[in-house]
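Taken together, the values in this text are just the output of simple stated rules run on the coordinates, not laboratory data. Small disclaimer: the values here were computed from a predicted structure and weren't measured. Cβ sites come from the backbone with ideal geometry, for glycine too, and all protein chains shown count toward neighbours.
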Amino acid sequence: MTSKKAFLTANVVALSIVSLLADLSTEMIVPILPLFLVGTLGASYSIVGLIEGSSDSASSLMKVVAVIATILFVVHRIKMSRTL
């Protein structure tokens, strides 16, 4: 009789917990970061805006790069499937 493999191995559970904790810590620190920059480090509001704007721009740019890469991958895969 063949044995069934476990759906959730110990590695999958461990990585899931680590991912959850990393996301949770990021979500907790992001709202507090501007207060820390202005209150503790003495940064101006325009610097805080520049930091947040550049992070939003980097995120949007990476989304565009991911879409372009996905389109190129799909087109390549379609071309390869037609040659077989």
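Helix 45-83 and the long axis of the chain differ in direction by around 10°, with both axes built from C-alpha atoms. Against the chain, whose longest principal axis is taken from its Cα atoms, helix 10-29 shows a tilt of about 20°. Considering only Ser16, Leu37, Gly53, and ranking their Cα positions along the charge dipole of the chain that arises from unit charges at the beta-carbon of Lys, Arg, Asp and Glu, the one farthest toward the positive end is Ser16.
Report which label in (1) 16.5; (2) 17.7; (3) 13.8 holds the value of Kirkwood radius over Cα pairs in Å derived from the coordinates of this structure. The calculated read-out lines up with (2).
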